[in-house]
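These notes concern the structure reproduced below.
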Amino acid sequence: MKFENTRIFNFEGALRGMRNPMNSWDKSDSEFNGDCEQCDNDQCNKCYNGVIIGDNDMTLAKKLINAGSEHRKFLRQIMVSVDITAPLYYWKEFDTYKVGTTANSTSTMHKLSTTPITLDCFETDDFEGDLPIGIDLTDIGMLAKDNICYLELIRKTYLETQDKRYWKELIRWLPESWLQTRTITMSYENVYHIYSQRQNHKLTEWHQFCDWCETLPYFKEFFL
């Protein structure tokens, strides 16, 4: 599972709007083209793209966050874009979160047959191929190798014949561990909502997602 090209947008607008209800803009002490005194890295969590949230603004932000979703509307104006490469079984669960998230995915429909099918096409982060499955002939690792071999044979036969029946069988028997990349956009409210629901999930990919959340600028300061 990979997280690439993470980008954060609109801290300035969100924090300015956060102060609109009480007309308290004069109390804002954040910088949006500042220089971090702690490091020289413009991507660090204390100076993300020049954003340095001041003590006054951080105090108000945390107060609104703790007051509930109806008060922390500013979080919905801080946007995140990221490319996530994950297996299909993970994306089935991620699709629970449709409200406020948008995704563009690579296509098995159009591109599955265009490149060789190898072990690298599947999620293997915590793969245990030597687990026995109760028969003398094979273990999980051998079963996986056989499956990949058959899929690649079907793919090649389809390319040679252009017979769409082979393409259909390739789609039909594609394992849930097949890796797909999606470009996701969502708000900090969405990120926090997912994090709070999935941080103790038994699926290890959710733990990786939560670890990524904690790397986002000011995520820990806001929520942890």
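The values are calculated or read from the model by the stated rules, or taken from the named source; none is laboratory data. Everything numeric here is computed off the predicted structure, so don't read it as measured data. Glycine gets a Cβ as well: all are built from the backbone with ideal geometry, and neighbour counts include every protein chain shown.
Residues that are part of a helix (DSSP H, G or I) and within 18 Å of LYS92 (Cβ to Cβ) within segment 103-145 comprise THR108, MET109, LEU112, CYS121, listed in sequence order. Summed over segment 54-71, residues that are in contact (Cβ under 8 Å) with a residue 24 or more places away in the chain, part of a helix (DSSP H, G or I) and not basic (Lys, Arg) total 8. Report yes if GLU152 is touching a Pro at 6+ places or on another chain (Cβ under 7 Å) and among the charged types (D, E, K, R), otherwise no. Yes: the conditions hold for GLU152. Which condition does ASP136 not pass, out of (1) of a type outside the set (A, V, I, L, M, F, W, C); (2) on the phi < 0 side of the Ramachandran plot; (3) at pLDDT 95 or above; (4) over 28 Å from the mean Cα position of the chain (by Cα), if it passes all the others? Unmet condition: (3). For the residues SER113, SER107, the requirement of being touching a helix residue (DSSP H, G or I) at 6+ places or on another chain (Cβ under 9 Å) and small (Gly, Ala, Ser) singles out SER113. Within segment 72-98, the set of residues being in contact (Cβ under 8 Å) with a residue 12 or more places away in the chain and β-branched (Val, Ile, Thr) comprises ILE78, VAL80, VAL82, ILE84, THR85. Is it true that THR118 is free of Cβ contacts under 8 Å to residues at least 24 places away in the same chain, surrounded by fewer than 13 Cβ atoms within 10 Å (Cβ to Cβ), polar (S, T, N, Q) and on the phi < 0 side of the Ramachandran plot? No, not satisfied. Scan segment 146-167 and tell me whether some residue there is over 25 Å from the mean Cα position of the chain (by Cα), on the phi < 0 side of the Ramachandran plot, at pLDDT below 95 and assigned to a loop (DSSP other than H, G, I, E, B). Scanning segment 146-167 turns up no residue that is over 25 Å from the mean Cα position of the chain (by Cα), on the phi < 0 side of the Ramachandran plot, at pLDDT below 95 and assigned to a loop (DSSP other than H, G, I, E, B).
Against the definition (in a strand (DSSP E or B) and either touching a residue at least 40 places away in the same chain (Cβ under 8 Å) or outside the structural domain of THR85 (by TED's automatic domain parsing) (or both)), how does ILE184 come out, yes or no?
Values: in a strand (DSSP E or B): yes; either touching a residue at least 40 places away in the same chain (Cβ under 8 Å) or outside the structural domain of THR85 (by TED's automatic domain parsing) (or both): yes.
Against the criterion (in a strand (DSSP E or B) and either touching a residue at least 40 places away in the same chain (Cβ under 8 Å) or outside the structural domain of THR85 (by TED's automatic domain parsing) (or both)), ILE184 qualifies.
Would you confirm, using the coordinates I've provided, whether ASN49 is on the phi > 0 side of the Ramachandran plot and at pLDDT 95 or above? It is false that ASN49 is on the phi > 0 side of the Ramachandran plot and at pLDDT 95 or above.
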